[in-house]
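The structure appears below as structure tokens.
The values are calculated or read from the model by the stated rules, or taken from the named source; none is laboratory data. As the structure is a prediction and not an experimental result, all values here were calculated from the model. Cβ placement follows ideal geometry from the backbone for every residue including glycine, while neighbour counts extend to all protein chains displayed. In case anyone asks, the SASA skips ligands and DNA or RNA and just uses the protein heavy atoms, side chains included. Shrake-Rupley method; radii C 1.70, N 1.55, O 1.52, S 1.80 Å.
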Amino acid sequence: MVLTLRQSLQKRLLNGEYNCEKELTLSLMSGKWKIVILWHLGHEGPLRYGELFRLFKNISNRILTKQLRELEQDGIIYRNVFDEVPPRVEYHLTELGRTLVPIVDEMFEWGKTNMQYYAELARKNVQDDPGCEEAEDDEEED
């Protein structure tokens with residue numbers, strides 16, 4: 001199986017644009033949903049597109065498809081297409097993708113440990129300035 005890297009990743013690698021290895025790792029895992037997709041595939045095994053879609057409340061078909069394609073192009077997951085009617089597709093972690101699961105698990109544990117702290121901080125900020133409008137989340141959708 002020959003992998004074709006995402007053009008943006010390939011360009012940055014060939015131009016020496018990564019200052020360190022951490023940037024490469026973050027580049028591969030960046031995207032609002034990728035880490036959660038990796039967690040589910042790593043802990044629940046292969047999942048179909050519809051199963052993945054139902055896991056997320058606020059994801060569009062376009063964004064889920066984009067995130068899955070990028071993970072596939074980067075060699076982190078693969079699509080297993082079954083030769084049947086209607087067609088059935090399952091997403092699996094590759095060997096390389098499985099090496100990211102411990103990292104994702106540590107991120108999950110850190111979030112679990114610190115969620116309450118940040119929730120309390122958010123409540124305190126609202127109490128201290130009740131007249132302020134909530135700022136829009138500046139994260140990109142993907």
Collect the residues in the stretch 20-48 that are open to solvent by less than 70 Å² (accessible area, probe 1.4 Å) and more than 15 Å from the chain's Cα centre (by Cα), keeping them in residue-number order.
Cys20, Glu23, Gly45, Pro46
Out of curiosity, is Val89 touching a residue at least 40 places away in the same chain (Cβ under 8 Å), in contact with a helix residue (DSSP H, G or I) (Cβ under 8 Å, 6 or more places away or on another chain), open to solvent by 20 Å² or more (accessible area, probe 1.4 Å) and farther than 24 Å from Gln7 by Cβ?
no
Given the criteria open to solvent by less than 70 Å² (accessible area, probe 1.4 Å) and either closer than 18 Å to Val36 by Cβ or in contact (Cβ under 8 Å) with a residue 12 or more places away in the chain (or both), does Ile103 qualify?
no
Taking only the stretch 62-81 into account, find how many residues are open to solvent by 60 Å² or more (accessible area, probe 1.4 Å) and either of a type in the set (Ser, Thr, Tyr) or touching a helix residue (DSSP H, G or I) at 6+ places or on another chain (Cβ under 7 Å) (or both).
2
Can you tell which of Lys57, Lys11 is modelled with pLDDT under 95 and either aromatic (Phe, Trp, Tyr) or assigned to a loop (DSSP other than H, G, I, E, B) (or both)?
Lys57
One residue from Glu17, Glu51, Glu84 being outside any helix (DSSP H, G or I), in contact with a helix residue (DSSP H, G or I) (Cβ under 9 Å, 6 or more places away or on another chain), over 22 Å from Thr99 (Cα atoms) and open to solvent by 50 Å² or more (accessible area, probe 1.4 Å)
Glu17
